[in-house]
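Input: a single structure, listed below in structure tokens.
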Amino acid sequence: MGFRFHRLGPHGRFRYLWFPLLVAIFMQAGSPSGWAALPIDVSYLNELIDRANEAHLADEREWHVLLHYRPTLTGGIKSMQDDPGFFLSPDGKTDSYAELAATLTKFFSDDLVGRSKQPAQCAFVARYYWLNERLQFDERRLPPQPCERFIRWFDEFNAAAITVIFPVGFMNNPSSMFGHTFLRVDGKEQTPQTRILAYTINYAAQVPPDAGLDYAIKGIFGAYPGYFSTIPYYLKVQEYRDIDNRDIWEYRLNLTPLQVRRLLMHTWEMGNAYFDYFFFGENCAYHILSLLEAAEPSIPLLDRFPLYTIPVDTIRLLRESGLVGEAVSRPSRSTLVRRKRASMTAEERTWFDRLIRNPAELEGDGFRALSPDQQAFVLETASDYLLQHSAAGGAEGAPFRDKNRTILRARSGLKVTSRDVPVEPYIKQPDLGHGTSRVGAGAGWRNHRAFEEVNIRAAYHDLLDPEKGFTPDAQIEFLSVALRHYHDESQARIERFTPINILSLAPMDSLSRAPSWKVNVGMQTIRHNGCALCSNGVGSAGIGAAAETQLFKREVYFAFAEAEANYSRAYEERHRVGGGGTVGMLADMTDRWKVMLSGSYLKYALGETSDDIRWFVGSRYTLSQNWALRLEYNHRDHDNDVVLSVQAYF
Amino acid sequence: MLKKVLMLSAVGVFVVSQGGLALAAGNPDTGPGCGLGKLAWENYPNQKTIGAQVLQATTNGSFGTNTFGISSGTSGCTNDGKFWAEHKVNAFAALNFENLSQDMAQGHGEHLASLATLMGIPADQQPAFFAMTQEKYTSLVTAGETSPVAMVKALSEAVATHPMLAQVSFKK
């Protein structure tokens with residue numbers, strides 16, 4: 001239908017009288033065969049549209065939630081939904097009245113609509129449910145469709161409750177840094193042991209298998225479609241717990257049976273839908289919230305995320321909205337191995353370390369001298385370790401799988417139940433961590449000049465922020481800016497601006513040999529060649545190693561080899577490029593007090609030939625979940641800077 | 001590179017076999033996770049690797065929506081009765097083989113409990129079932145390495161001949 005109707009009334013309520021008329025004309029024109037058998041009750045359709053328009057149902061929140069309408073800057077509305085098959089009116093994406101009238105019209109037909117090719121009543125079962133609730137359809141005049149496919153699908157869930165699943169952030173895959181959220185539909189007969197049999201509702205971008213580096217750009221700017229799917233939870237557990245080695249948190253939601261039903265009905269509608277996937281904004285966490293809005297439209301959730309959506313913030317919001325009940329964790333395979341190994345006696349640990357290398361040693365007298373209980377525990381932990389290393393599958397995993405067979409054969413011969421060790425995940429309940437945005441205010445001296453500073457960071461966490469709920473030893477900073485006012489010349493300036501600063505420390509031990517790495521792009525203020533305060537653009541990257549001790553509480557040592565490029569008018573030729581190294585340490589002094597020391601030496605061979613020695617000493621004291629104090633000292637080449645600040649997270 | 005080509009061609013086979021079955025079934029229906037149920041496990045030449053492929057595919061996000069799409073008209077399956085129930089057990093055994101092996105060897109665990117539930121073994125009989133799988137660990141895993149379907153078959157047979165479990169009527 002290529003023409004547009006002009007609005008006839010203030011709410012345009014009369015223009016939709018055209019729809020039934022057009023439908024009747026099409027019917028006469030010999031459209032799908034099913035039609036002739038089903039004479040459409042045009043007068044009842046008109047009556048329903050009139051009643052809907054009089055009640056302004058198309059302006060109601062429920063309707064906007066089901067159609068994913070969001071207000072536009074020009075005062076109209078637009079649906080975020082990008083699949084044309086989701087709308088029954090050609091103007092449905094921007095016109096809620098047209099869509100409602102077209103939906104009612106299609107309810108009178110058994111025409112197959114949408115990507116799922118079902119009658120409209122079944123393809124859009126949540127719309128039908130809500131409109132029926134509001135308009136009380138007369139079943140004789142608008143016969144309900146049986147919708148067997150939906151009913152079978154719905155019954156297969158046997159749904160009792162919904163749980164939000166949050167695999168924590170994963171530093172070695174940029175698209176997973178902030179973690180992921182999806183829903184699990186808990187069955188009525190489910191026990192804690194059979195949770196893995198439940199289905200999930202997952203929203204993900206569909207990325208072609210040959211995607212290269214443009215993946216990141218396209219993922220950020222919405223070039224990939226995102227679809228919902230219902231993958232069994234056992235596959236998701238394998239993906240996150242076994243392959244990625246991410247701890248998983250499970251948040252049971254307090255939803256009524258009706259809310260669960262509404263959520264599933266709308267999920268079924270999503271089979272006809274896709275959204276353009278935006279990594280920062282309309283991402284997995286955002287659209288999972290949109291399903292929860294359909295479960296309970298009276299609680300606004302999406303309004304809180306106008307620009308970007310960090311998964312843990314959505315969980316915090318659900319908790320604030322009173323929707324979150326019990327939270328339980330599912331530790332990753334590597335967490336299991338580390339915690340179990342740490343609980344071993346020295347003798348058990350020695351055997352563990354020997355068996356994962358050469359399982360044949362278990363035949364010797366030495367191992368059999370352990371009690372059956374101890375043997376079972378060592379063998380099970382060894383099996384966990386070998387499974388962890390064979391999880392990715394393929395040829396690399398084969399030797400680990402073979403060793404695991406030997407270990408498990410021995411384990412099956414021991415008819416004991418090994419001791420149960422409580423396994424705490426390394427990442428404490430993420431929604432109880434600090435807020436993901438931060439503001440700070442402070443004061444200090446730079447080379448005897450006093451200043452005040454304010455800083456703000458959009459996201460997310462740095463090495464000195466309170467680590468509860470965040471990946472330990474990992475730093476992700478996006479869009480951070482600091483403004484300073486220097487007293488003596490009353491000079492105000494942008495002191496630092498950091499679009500991206502990411503650093504991942506991976507302490508090596510006998511179980512893991514992963515490298516540490518860092519990437520930084522930004523601008524800071526330097527004193528150089530007679531310029532007292534000069535802006536300096538920086539791009540740098542480094543690779544290194546880290547180690548951990550527990551001499552005092554917990555200490556992490558690190559060393560990086562790095563390359564750096566600088567751009568500033570302070571340099572001869574305005575730039576310099578070079579390389580060097582950094583060593584440093586992070587130390588937890590108490591639960592609240594953390595210290596970081598680092599020193600770097602860089603030599604620049606291109607552009608201005610020069611070198612740089614830098615020191616940093618930082619100290620943080622946690623006041624509460626969302627408040628902390630910091631004292632930081634920065635030294636570089638005749639440039640000394642000390643600042644005391646208070647940080648608030650939100 | 002070779003590995004990638006192999007994986008892609010394997011996934012290709014997977015998709016084709018799905019499409020073929022959907023046509024044969026003539027019933028474009030979906031249950032949650034139903035895509036799996038349509039696989040002709042018996043005819044698939046290399047059942048052992050299916051798990052890894054499905055997992056690969058769902059992991060990179062490029063395939064999960066085909067296999068587990070919601071109400072999508074093209075990837076349907078029949079979801080009623082015995083056919084589906086049986087394939088659910090086989091799919092679970094194939095996709096969780098390593099975790100199941102571990103649970104069987106130690107005589108407990110959520111994967112084993114879930115398999116028992118799928119096989120219809122009542123909760124009060126599950127401890128006996130767990131002990132039996134530990135007892136027969138080596139033969140079950142040897143069967144499983146040939147094909148997960150063979151392992152499920154061996155398990156069913158072991159249950160049928162077990163002095164206690166055989167008393168229990170369970171869904172086959």
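The values are calculated or read from the model by the stated rules, or taken from the named source; none is laboratory data. Small disclaimer: the values here were computed from a predicted structure and weren't measured. Cβ placement follows ideal geometry from the backbone for every residue including glycine, while neighbour counts extend to all protein chains displayed. Protein only, heavy atoms only, side chains kept; ligands, DNA and RNA dropped before computing areas. Shrake-Rupley method; radii C 1.70, N 1.55, O 1.52, S 1.80 Å.
Observations, loosely collected:
- A:Thr191 in contact with a helix residue (DSSP H, G or I) (Cβ under 6 Å, 6 or more places away or on another chain) and at the interface with chain B (Cβ under 10 Å from one of its Cβ atoms): no
- The C-beta contact set for the range A:558-587 (first residue within 17 Å of A:Val521 (Cα to Cα), second residue open to solvent by less than 10 Å² (accessible area, probe 1.4 Å) and among the basic types (Lys, Arg), distance under 7 angstrom, 6+ apart or interchain) comprises A:Asn566/A:Arg576.
- Of the set (1) hydrophobic (A, V, I, L, M, F, W, C); (2) open to solvent by 40 Å² or more (accessible area, probe 1.4 Å); (3) modelled with pLDDT under 90, all apply to A:Trp35 but (2).
- Subset of the range A:221-248 [touching a Pro at 6+ places or on another chain (Cβ under 6 Å), of a type outside the set (Lys, Arg) and more than 9 Å from chain B (Cβ to nearest Cβ)]: A:Tyr240, A:Asp247, A:Ile248
- When the test is whether a residue is within 11 Å of another protein chain (Cβ to nearest Cβ), under 30 Å from A:Ala395 (Cα atoms) and at pLDDT 55 or above, B:Leu55 does not pass it.
- Residue check for A:Asn172: open to solvent by 30 Å² or more (accessible area, probe 1.4 Å), under 30 Å from A:Phe221 (Cβ atoms) and away from chain B (no Cβ under 13 Å): yes
- Some residue of the range A:267-282 being within 29 Å of A:Pro472 (Cβ to Cβ) and either buried (at least 21 other Cβ atoms within 10 Å of the Cβ) or within 11 Å of another protein chain (Cβ to nearest Cβ) (or both): yes
- Of residues in the range A:196-220 being of a type outside the set (S, T, N, Q) and facing chain B (nearest Cβ under 7 Å), the one least open to solvent (accessible area, probe 1.4 Å): A:Ile196
- Test: residue in the range A:422-440 that is open to solvent by 10 Å² or more (accessible area, probe 1.4 Å), at pLDDT 90 or above and among the aromatic types (Phe, Trp, Tyr): no
- Test result for A:Gly75, at positive phi and of a type in the set (Gly, Ala, Ser): yes
- Sole residue being in contact with a His (Cβ under 8 Å, 6 or more places away or on another chain), open to solvent by 20 Å² or more (accessible area, probe 1.4 Å) and under 28 Å from A:Phe478 (Cβ atoms), chosen from A:Arg569, A:Arg527: A:Arg527
Okay, residues lined up against (1) part of a helix (DSSP H, G or I); (2) at pLDDT 95 or above; (3) more than 22 Å from B:Asp103 (Cβ to Cβ):
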| residue | (1), (2), (3) |
| --- | --- |
| A:Met344 | no, yes, no |
| A:Ala360 | yes, no, yes |
| A:Leu370 | no, no, yes |
| A:Ala376 | yes, yes, no |
| A:Leu379 | yes, yes, no |
| A:Ala382 | yes, yes, no |
| A:Leu387 | yes, no, no |
| A:Ala392 | no, no, no |
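- For the range A:117-149, the tally of residues that are hydroxyl-bearing (Ser, Thr, Tyr) and either farther than 19 Å from A:Ala52 by Cβ or buried (at least 19 other Cβ atoms within 10 Å of the Cβ) (or both) stands at 1.
- Flag if A:Phe178 is touching a residue at least 60 places away in the same chain (Cβ under 8 Å) and within 30 Å of A:Leu48 (Cα to Cα): no
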